[in-house]
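Structure first, commentary second.
The values are calculated or read from the model by the stated rules, or taken from the named source; none is laboratory data. Predicted model, so just to flag it, every value in this text is computed and none were measured. Cβ coordinates were reconstructed from backbone atoms using ideal geometry, including for glycine residues, and neighbour counts include every protein chain displayed.
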Amino acid sequence: MKNSPANHYKQAFESWLVDNRIKHISPDKDKKTAFGNLNIKSFDYLLYPHSGQTIIAAVRGRKFKAESFEKLAGLQCWLTTNDISQLKQWQQVLGQTHKAVFVFAYRIENFDVDFDGREIYDFNDGKYIFFCVDLERYCEFMKIRSPKWQTVTISADDFRLCAVQAEKLLL
C-alpha cells in the first residue's frame, strides 16, 4: 500500500476499503502545492463508493470498552475545532460534488461484546467497527466539550441520529 497510514485505525480502515473493493486515494501529505497557498491539514482519503458521490473522509480513531453496541452508547465521538474547520475548508475547495464525512474507527477493547448484529472487521490482532458522520450533520448537533482543548462532541442521542456504519454509506 503506497502512502500507508501511520496508525492502526487508518490501516484497519484502509484494509477494509481494499477488502470491500472501494476505490480510494490517500493524498500525499508531503505535497501541498496542488491547491496553491491553501495551508490546511490534508484529509485522509477521497473515497469513490459504488453510489457515485465522492467522499472526503477524515478518519478518527477511538477505543470502545463497553459491553454492547445496543443504542450506540459509550462511543466517543469528540473532535477538535481544527478537525471541523479543516474539513469544512476542503469541502469548500472541492465543491458540492464531494461529501465530507468523519469516519470514526473504533477498536474493540472488550472481546466479550454484544455487537447487536453489526459488522465487525478483523485487522491484525484487533477488531474494529467504522461509523461515518456527515460533516454538516455533526456541525448541526455539536456542543463544546472542552474550551481548553478546543474540542467538540455530539450527544449519544445525536450520534444515533447521524452515524451510519461505513458499509451502509460506502457499499
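Data table
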| quantity | calculated |
| --- | --- |
| Hits in the stretch 99-147 (condition: more than 28 Å from GLN53 (Cβ to Cβ), assigned to a strand (DSSP E or B), of a type outside the set (D, E, K, R) and in contact with a strand residue (DSSP E or B) (Cβ under 7 Å, 6 or more places away or on another chain)) | ILE108, GLY126, ILE144 |
| Positions within the stretch 140-151 being surrounded by 14 or more Cβ atoms within 10 Å (Cβ to Cβ) and not aromatic (Phe, Trp, Tyr), in sequence order | MET142, ARG145, GLN150, THR151 |
| Scope the stretch 59-98; condition within 20 Å of SER155 (Cβ to Cβ) and either out of contact with any strand residue (DSSP E or B) (no Cβ under 9 Å at 6 or more places or on another chain) or polar (S, T, N, Q) (or both); matching residues | ALA66, SER68, LYS71, ALA73, GLN76, THR80, THR81 |
| Whichever residue in the stretch 123-139 is within 22 Å of LEU79 (Cβ to Cβ) and among the acidic types (Asp, Glu) and, among such residues, is surrounded by the most Cβ atoms within 10 Å (Cβ to Cβ) | ASP134 |
| Any pair with Cβ under 6 angstrom, 6 or more apart, that starts in the stretch 137-160 at a residue that is free of Cβ contacts under 8 Å to residues at least 24 places away in the same chain and ends at one that is crowded, with 17+ Cβ neighbours inside 10 Å and part of a loop (DSSP other than H, G, I, E, B) | PHE141/ILE154 |
| Verdict on LEU47 being assigned to a strand (DSSP E or B), surrounded by 15 or more Cβ atoms within 10 Å (Cβ to Cβ) and at pLDDT 90 or above | yes |
| All positions within the stretch 1-34 that are farther than 21 Å from ARG60 by Cβ and at pLDDT 90 or above | ARG21, LYS23 |
| Residues that are under 21 Å from LYS168 (Cβ atoms) and assigned to a loop (DSSP other than H, G, I, E, B), drawn from the stretch 77-96 | CYS77 |
| Test for LYS168: is it of a type in the set (Lys, Arg), surrounded by 14 or more Cβ atoms within 10 Å (Cβ to Cβ) and either in contact (Cβ under 8 Å) with a residue 40 or more places away in the chain or closer than 27 Å to GLY52 by Cβ (or both) | no |
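Conditions tested, residue by residue: (1) polar (S, T, N, Q); (2) over 20 Å from SER42 (Cβ atoms); (3) surrounded by fewer than 16 Cβ atoms within 10 Å (Cβ to Cβ).
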{"residue": "LEU75", "(1), (2), (3)": "no, yes, no"}
{"residue": "ASP83", "(1), (2), (3)": "no, no, no"}
{"residue": "LYS88", "(1), (2), (3)": "no, no, yes"}
{"residue": "TYR121", "(1), (2), (3)": "no, yes, no"}
{"residue": "THR153", "(1), (2), (3)": "yes, yes, no"}
{"residue": "ARG160", "(1), (2), (3)": "no, yes, yes"}
